[in-house]
Amino acid sequence: SKSGGSPKRASGDGAHATLTKLVEQDFFSKPKTIGNIVEHCEQNLARKYKSNDFSGKLARLVRDDTLKRTKNTDNQYEYTNS
């Protein structure tokens, strides 16, 4: 059956909702890398995500001026509340 566009993966919406919740809970008051986010979700929310589940959504939050990002010394992006 065709459901228009790409098949919906449960983790897609889940990752977005999870990021929104983390923003609301001030998770980004200190700089966080995607790795930090993945780790936090696994340890504290018992949810397994891959970093690419978050990358597009993080970029959108940066464009929306919800978060800002800077490169750390390891040349990884770190995200903080803007």
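Using Cα pairs closer than 8 Å and at least 6 residues apart in sequence, work out the relative contact order for segment 18-74, in percent.
On the way: 21 pairs, mean separation 14.3, N = 57.
Computed value for segment 18-74: 25 percent relative contact order.
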**Residues of segment 21-82: accessible area per residue with a 1.4 Å probe, Å²** = 67 Å²
**Reachable aspartates and glutamates, given that their alpha-carbon falls under 18 Å from the alpha-carbon of K50 and they are not under 8 places away in the same chain** = D13, E39, E42, E78
**Item:** Hz values of 3J(HN,Hα) by residue in segment 64-75 - Karplus curve (6.51, -1.76, 1.60), Gly and Pro given as x
**Value:** 6, 6, 7, 10, 10, 10, 9, 8, 8, 5, 8, 6
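The values are calculated or read from the model by the stated rules, or taken from the named source; none is laboratory data. Computed from a prediction, not measured in an experiment: that's the story for all the values here. The area values use the complete protein model at the heavy-atom level, side chains included, leaving out ligands, DNA and RNA. Shrake-Rupley method; radii C 1.70, N 1.55, O 1.52, S 1.80 Å.
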